[in-house]
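Asker: This is the structure I have questions about; it appears just below.
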């Protein structure tokens, strides 16, 4: 699992579709949904950690982008 798309596909397997209209919000909600899947023992520890790392990286990138563009 290396990209945000990979995390989206993982969530899609469990009928979780996230689209709030703002990429940063999407990433945050995906992280919450992933936490819920892990807490329910639906995804294993390794998958959870790899997906969390992707989401954290994408969150940092998006925050930097918003800072540079003024939130647009």
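Asker: Buried (at least 17 other Cβ atoms within 10 Å of the Cβ), without any contact (Cβ under 8 Å) to a residue 40 or more places away in the chain and either touching a helix residue (DSSP H, G or I) at 6+ places or on another chain (Cβ under 9 Å) or assigned to a helix (DSSP H, G or I) (or both): which single residue out of 43, 54 fits that description?
Answerer: Working: 54 fails: without any contact (Cβ under 8 Å) to a residue 40 or more places away in the chain.
Answer to the check: 43.
Asker: Follow-up. Would you check which residues across the stretch 44-72 are closer than 12 Å to residue 3 by Cβ and more than 12 Å from the chain's Cα centre (by Cα) and list them? Walk me through it before giving the result.
Answerer: Let us first name the residues in the stretch 44-72 that are closer than 12 Å to residue 3 by Cβ, namely 50-51, 53-55, 57-58, 61.
Once the filter is applied, which keeps residues that are closer than 12 Å to residue 3 by Cβ and more than 12 Å from the chain's Cα centre (by Cα), the stretch 44-72 yields only 61.
Asker: Now for a separate question. Restricting to the stretch 20-40, name every residue that is without any contact (Cβ under 8 Å) to a residue 12 or more places away in the chain and either buried (at least 16 other Cβ atoms within 10 Å of the Cβ) or within 19 Å of residue 65 (Cα to Cα) (or both). Please lay out each step first, then the result.
Answerer: Of the stretch 20-40, the ones without any contact (Cβ under 8 Å) to a residue 12 or more places away in the chain are 20-22, 25-26, 29, 32, 35-36, 38-40.
20, 21, 22, 25, 26, 29, 38, listed by residue number.
Asker: Can you tell me which condition residue 5 does not meet? The list is (1) surrounded by fewer than 16 Cβ atoms within 10 Å (Cβ to Cβ); (2) touching a helix residue (DSSP H, G or I) at 6+ places or on another chain (Cβ under 9 Å), and all the others hold.
Answerer: With (1) surrounded by fewer than 16 Cβ atoms within 10 Å (Cβ to Cβ); (2) touching a helix residue (DSSP H, G or I) at 6+ places or on another chain (Cβ under 9 Å) applied to residue 5, the lone miss is (2).
Asker: Now a separate question. For the stretch 12-24, does any single residue satisfy the condition of being over 18 Å from residue 62 (Cβ atoms), in contact with a helix residue (DSSP H, G or I) (Cβ under 7 Å, 6 or more places away or on another chain) and either in a helix (DSSP H, G or I) or at pLDDT 95 or above (or both)?
Answerer: Yes, because at least one residue in the stretch 12-24 is over 18 Å from residue 62 (Cβ atoms), in contact with a helix residue (DSSP H, G or I) (Cβ under 7 Å, 6 or more places away or on another chain) and either in a helix (DSSP H, G or I) or at pLDDT 95 or above (or both).
The values are calculated or read from the model by the stated rules, or taken from the named source; none is laboratory data. Note that this is a predicted model, so its numbers are computed, not measured. In this analysis, Cβ positions are derived from the backbone assuming ideal geometry, glycine residues included, and neighbour counts consider all displayed protein chains.
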